[in-house]
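Asker: Please find one structure pasted underneath; my questions will follow.
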Amino acid sequence: MVTATALEAELLELAGAVPDPELPVLTLRELGVLRAVRLHGGDTVEVDLTPTYTGCPAVEAMSLDIERVLRAHGMREVTVRTVLTPAWSTDDITPEGRQKLAEFGIAPPRVGHDSGPVPLALGPTRTREPQSPAEPVRCPHCGSAETELLSRFSSTACKALRRCLACREPFDHFKEL
């Protein structure tokens, strides 16, 4: 017989394997939005999910997908709670998730920014000479650090649209949050 702790770990793994509806190349575990799974009794489970930002339209689809997967695994009642504290950060994306983003043609968020609010510097959009000590956004196609911002928002609010000045290819950049 499976103990509750082992079953919770199994359910967490199953829920974590659900693909993100906006970035299906990533799982919810790799994106870092799945926070916890708690078992209540033998067939009732509660899942904590933190959206990438408040009002994220994908939360409903994520919740439904988690419910479907866990019900298929024998859970009679599945409750997915949206948890806003602690807030999600791009630091929550796993190394595997960052690699998958780059392989998919999306520049992953830069690592190593200070905790707390990400400063917003308005000014030139080109990154040939960074305005701050932050690592430049590199092109996921050719690796060049010479890129320019085309739009602060792309296909989703979490991404910006950039273009490489070396290979001239446009690409999404998952913004640091």
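A short reminder: the numbers here are calculations on the coordinates, not readings from a lab. Since the model is a prediction, treat every value here as computed from it, not as a measurement. Glycine gets a Cβ as well: all are built from the backbone with ideal geometry, and neighbour counts include every protein chain shown.
Asker: As a footprinting exposure proxy, order Phe104, Phe171 by other Cβ within 10 Å, with the fewest listed first.
Answerer: Phe104, Phe171
Asker: As a test, work out the antiparallel percent of DSSP beta bridges whose residues both lie in the chain, rounded to the nearest 5. Don't jump to the answer; show the numbers that get you there.
Answerer: Details: 17 of 25 bridges.
Rounded to the nearest five, the antiparallel share is 70 percent.
Asker: For the chain, what does the equivalent ellipsoid look like in terms of its semi-axes, each the square root of 5 times an eigenvalue of the Cα gyration tensor, given largest first in whole Å? Walk me through the intermediate numbers first.
Answerer: Working: eigenvalues 259, 46, 35 Å².
Its equivalent ellipsoid spans semi-axes of 36, 15, 13 Å.
Asker: In addition: Using a Förster distance of 30 angstrom, determine the FRET efficiency expected from the C-beta separation of Arg68 and Thr156, and round it to 0.05.
Answerer: Values: r = 22 Å, r/R0 = 0.75.
Plugging the Cβ-Cβ distance into 1/(1 + (r/R0)^6) gives 0.85.
Asker: Give the peptides 78-87, 44-53 in descending order of average Cβ contacts within 10 Å, highest first. Let's see the in-between values first.
Answerer: On the way: 78-87: 13.8, 44-53: 19.3.
Packing proxy ranking, top to bottom: 44-53, 78-87.
Asker: Kindly provide the helix-only [θ] at 222 nm of the chain, computed as the sum of -39,500 (n - 2.57) over DSSP H runs of four or more divided by all residues, to the nearest 500 deg cm²/dmol? Mind dumping the intermediate values first?
Answerer: Details: 4 runs with 40 residues, N = 177.
After summing the helix terms and dividing by residue count, I get -6500 deg cm²/dmol.
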